[in-house]
Amino acid sequence: MIARVLPDVAALERVFDYLIPEPLRDQVRVGTIVRIDLHGRRVGGWVVEVTDAPATDRPLKPLAKVTGWGPAPELVELSSWAAWRWAGRRSAFLRAASPQVAVRSLPSATGSARALSTRSGSISAGDSRRISTQNGGTGVTVVRVPPAADVVPHVLDGLGDADGLVLASSVGAAARLARRLRDTGRRVALMPRDWAMAAGGGCTVVGARAAAWAPVPALGAVVVVDEHDEAYQEERAPTWNARDVALERARRADAPAVLLSPCPSLEALEAGELVTLRRADEREGWPVLEIVDRRRDDPTRGLYSERLVQLLRSERRVVCVLNRKGRARLLACAACGELARCEHCGAVVAQLEATLVCRRCEQERPAVCAACGSTRLKVLRPGVTRVQEDLDRLAGRPVVVGTEAALHREEAADAVAFLDFDQELLAPRYRAGEEAMALLARAARLVGGRDRDGRLLVQTRVPRHEVLDAVVHADPGRLAVVESARRAALRLPPEAAVAIVSGEAAERFVFAVEGVELLGPTDGRWMLRAPDHATLCHALAAVPRPPGRLRVEVDPLRA
DNA sequence: CGGACAAGCTGA
DNA sequence: CAGCTTGTCCGG
């Protein structure tokens with residue numbers, strides 16, 4: 001018998017045949033992780049096929065060693081699909097589907113999740129208004145769960161009695177969710193720690209992005225919590241998305257998939273049938289949004305509206321958010337009025353700590369006016385550090401001020417105030433609206449819903465923006481309608497499938513791709529656009545990789 | 001990727 | 001021409 005092995009060697013997308021030594025025969029199957037002698041060195045790899053017909057006439061070497069269990073055959077197959085879908089290497093996906101340490105044996109499943117599961121936490125059928133008729137069958141359901149509502153009943157509902165895969169948007173969220181699910185009596189494997197347990201079967205498998213590749217022997221359900229979260233997308237190429245991998249797994253296993261989100265992505269709405277809660281229930285799950293219209297405010301008040309200061313002086317625990325790091329993003333000399341710019345390249349400099357740092361070339365210099373030598377610089381655009389000092393003074397007590405990372409760091413608050421929300425609403429990124437919505441949902445989770453008197457405050461000059469309108473009405477559908485039409489008009493995802501190609505070999509590569517639209521280059525990046533993923537991915541796959549650095553981002557978060 | 005080997009460059 | 005760098009090829 002012969003093992004066809006894909007080596008775990010970057011830039012080597014070929015399989016090689018090896019003899020399976022007799023004593024190893026019962027340990028080697030599709031997915032098994034092995035070590036092989038290749039071209040004078042010993043490397044790891046995956047068995048991707050077991051055959052008796054070698055693909056070469058040359059004498060075969062034997063496998064050097066069996067390392068242990070690897071991805072199940074269906075995940076080996078899925079890795080080929082993912083390599084096509086995100087124009088990447090199979091090994092990148094097989095690595096994600098492999099245990100972090102060698103697994104020599106699998107624990108036997110001590111009863112299935114089914115036997116141990118209880119349905120006590122499940123929501124009753126009447127709680128949600130099903131727009132579609134599907135229930136428990138196969139297919140994709142998108143459930144819009146408001147931010148302050150508990151997702152666990154919806155997760156249990158999505159899992160039913162099956163062994164399922166549950167994805168959460170961060171490692172911490174996955175660990176918390178695993179604990180909650182264990183409390184309901186289910187047997188739960190938390191990835192990546194419990195890889196072997198998951199592979200043994202009979203449990204619910206929970207994890208973050210990489211867990212989309214977790215072993216689930218009898219996959220009966222897939223649930224993705226906070227499906228809109230950009231953390232599900234791998235930033236490095238191949239830029240695969242865990243939600244999309246999970247959906248494809250569900251489709252192949254003929255298992256139902258449930259996507260949960262307070263603000264479903266347009267991609268999710270396209271993939272499945274939307275289910276919403278009763279209007280009153282969804283409304284309860286969003287906090288009150290207070291819009292501070294700054295269009296007529298005195299510009300000298302800067303970021304500090306009367307209403308903000310009033311809120312900070314109240315007894316409420318307020319978290320202020322400003323996505324500008326450091327002390328100042330723009331400064332001018334207090335003596336001569338000259339803008340603080342880089343002596344090297346002329347771009348504006350920011351003040352992160354003591355020194356001035358160029359935002360383009362990262363050159364550093366002391367905080368002194370280059371024109372007149374004055375050390376007095378005034379802040380035209382403050383960053384969080386400076387705002388913190390100002391607000392402490394205005395509030396007469398310490399105030400929590402941070403970038404959006406503060407929303408992940410803080411446990412709870414009575415109110416979240418976005419000091420300059422226009423920066424989010426009007427960001428020059430095609431997903432800015434959805435990202436701003438996700439930010440408000442995140443903040444909403446911190447402060448709770450109307451029942452807890454949670455409050456969001458945004459300072460803006462676009463008070464009628466559809467994102468704000470959607471949150472005011474606790475109806476994310478209002479944004480989806482507008483956003484969907486805009487994407488269609490601009491032919492951006494999910495209306496079209498696009499890929500961004502960059503790197504020294506980009507030009508050679510994009511001109512070899514046929515049958516798709518080519519735009520650019522902008523800043524050395526090209527955009528390839530096609531009506532759908534099938535067209536785009538087939539076109540990309542038809543072109544051999546030229547030598548040199550090449551980065552292909554399919555479904556870029558920033559186009 | 002990284003080892004093997006060939007071709008090119010340098011200095012005595 | 002030894003000793004080194006750089007480039008190209010290829011793996012079972």
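The values are calculated or read from the model by the stated rules, or taken from the named source; none is laboratory data. Note that the structure is a prediction, hence the values are computed from the model and not measured. In this analysis, Cβ positions are derived from the backbone assuming ideal geometry, glycine residues included, and neighbour counts consider all displayed protein chains.
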All conditions in (1) closer than 20 Å to residue A:208 by Cβ; (2) not in a loop (DSSP other than H, G, I, E, B) are true of residue A:169 except (2)
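Each row is one residue, and each column tells you yes or no for (1) assigned to a strand (DSSP E or B); (2) within 23 Å of residue A:405 (Cβ to Cβ); (3) outside the structural domain of residue A:503 (by TED's automatic domain parsing).
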site	(1), (2), (3)
A:206	yes, no, yes
A:227	no, yes, yes
A:236	no, yes, yes
A:244	no, no, yes
A:252	no, no, yes
A:260	yes, no, yes
A:275	yes, no, yes
Within the group A:545, A:529, A:558, A:508, which residue is touching an Asp or Glu at 6+ places or on another chain (Cβ under 6 Å) and either closer than 22 Å to residue A:244 by Cβ or not in a strand (DSSP E or B) (or both)? A:529
Please verify whether residue A:346 is modelled with pLDDT under 90 and more than 30 Å from residue A:447 (Cα to Cα), treating the condition exactly as stated. yes
Which members of the stretch A:167-200 meet the condition of being of a type in the set (Gly, Ala, Ser) and buried (at least 21 other Cβ atoms within 10 Å of the Cβ)? A:168, A:169, A:174, A:178, A:189, A:198, A:199
Kindly evaluate residue A:78 against the criterion of being closer than 13 Å to residue A:213 by Cα and either more than 16 Å from DNA strand B (Cβ to nearest atom) or touching a residue at least 12 places away in the same chain (Cβ under 8 Å) (or both). yes
Which ones in the stretch A:271-319 are more than 15 Å from residue A:460 (Cβ to Cβ) and among the hydroxyl-bearing types (Ser, Thr, Tyr)? A:276, A:300, A:314
The residue from A:29, A:58 that alone is farther than 22 Å from residue A:545 by Cα, modelled with pLDDT under 95 and of a type outside the set (Asp, Glu) is A:58
Within the stretch A:13-25, how many residues turn out to be within 16 Å of DNA strand B (Cβ to nearest atom) and either touching a residue at least 12 places away in the same chain (Cβ under 8 Å) or among the hydroxyl-bearing types (Ser, Thr, Tyr) (or both)? 3
Tell me, which strands (runs of 3 or more DSSP E) lie completely within the stretch A:288-360 with 3 or more residues that are within 30 Å of residue A:148 (Cα to Cα) and in the same structural domain as residue A:396 (by TED's automatic domain parsing)? A:288-293, A:318-321
Which numbered condition trips up residue A:412, out of (1) buried (at least 17 other Cβ atoms within 10 Å of the Cβ); (2) farther than 25 Å from residue A:302 by Cα? (1)
Exactly one of (1) within 16 Å of residue A:320 (Cα to Cα); (2) among the charged types (D, E, K, R); (3) outside any helix (DSSP H, G or I) is unmet by residue A:464. Its number? (1)
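Here is a yes/no grid of residues against (1) touching a residue at least 40 places away in the same chain (Cβ under 8 Å); (2) hydroxyl-bearing (Ser, Thr, Tyr); (3) within 16 Å of DNA strand B (Cβ to nearest atom):
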{"position": "A:2", "(1), (2), (3)": "yes, no, no"}
{"position": "A:27", "(1), (2), (3)": "no, no, no"}
{"position": "A:33", "(1), (2), (3)": "yes, no, no"}
{"position": "A:36", "(1), (2), (3)": "no, no, yes"}
{"position": "A:40", "(1), (2), (3)": "no, no, yes"}
{"position": "A:70", "(1), (2), (3)": "no, no, no"}
{"position": "A:99", "(1), (2), (3)": "yes, no, no"}
{"position": "A:104", "(1), (2), (3)": "no, no, no"}
Return the only residue of A:497, A:512, A:542 being closer than 17 Å to residue A:86 by Cβ, surrounded by fewer than 17 Cβ atoms within 10 Å (Cβ to Cβ) and out of contact with any Phe, Trp or Tyr (no Cβ under 8 Å at 6 or more places or on another chain). A:542
Output the residues belonging to the stretch A:135-187 that are free of Cβ contacts under 8 Å to residues at least 24 places away in the same chain and polar (S, T, N, Q). A:135
